[in-house]
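Everything below concerns the one structure shown next.
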Amino acid sequence: MRRMWGRLGGQLGLACIGGGFLVIGIGWNGAAGIDFVSGQMPYLLSGAALGLGLILLGAALLIVQNSRRDRAVVESQLRELNLTLTRLANAVAGVPAGGNGRGERVALGRSSFHRQDCRLAAGKGLPLSTVDAAIAEGLTPCRVCHPEELETVSVRR
């Protein structure tokens, strides 16, 4: 529902601009039918004032819509940058590969983490981190490769 109202601002702005030009045209047409200046003035003033007001309102709606869209893009990029920096910090501070326990390296996806040999993560160039770091980020274990079992596998060795 909110997304629909968000898009409506731009469409409403374009409709206001079109309506403004239409009102100016109607005022001009009304003034063209009268041959004395004092009779033309009410048409020109009312058509121009209302039309110009509608055009300015439509332009303001378009500007607000564009700034909202730009803000959403910037917020998305900042979220992605924050996630990347968190992953980088976890990778730098993490246990080196081949460690034991929950220090095993896993591939981090957008919402889940995978074993390095998981078929869902293969060839995607996903960043590596530890199981603990992945859980701390709020990622869920993959349902195909079950990387949460790395702890029990490492303990059995």
Seminar exercise, completed: Among the residues of region 128-152, the number that are crowded, with 16+ Cβ neighbours inside 10 Å, within 30 Å of the chain's Cα centre (by Cα) and assigned to a loop (DSSP other than H, G, I, E, B) is 2
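Condition check ((1) assigned to a helix (DSSP H, G or I); (2) at pLDDT 90 or above; (3) in the same structural domain as residue 138 (by TED's automatic domain parsing)) across all residues:
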residue: 7; (1), (2), (3): yes, no, no
residue: 13; (1), (2), (3): yes, yes, no
residue: 23; (1), (2), (3): yes, yes, no
residue: 29; (1), (2), (3): yes, no, no
residue: 51; (1), (2), (3): yes, yes, no
residue: 55; (1), (2), (3): yes, yes, no
residue: 61; (1), (2), (3): yes, yes, no
residue: 72; (1), (2), (3): yes, yes, no
residue: 96; (1), (2), (3): no, no, no
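The values are calculated or read from the model by the stated rules, or taken from the named source; none is laboratory data. From a predicted model like this one, the values you see are computed outputs, not experimental measurements. Neighbour counts are summed over all protein chains in view; Cβ atoms, including those assigned to glycine, are modelled from backbone coordinates with ideal geometry.
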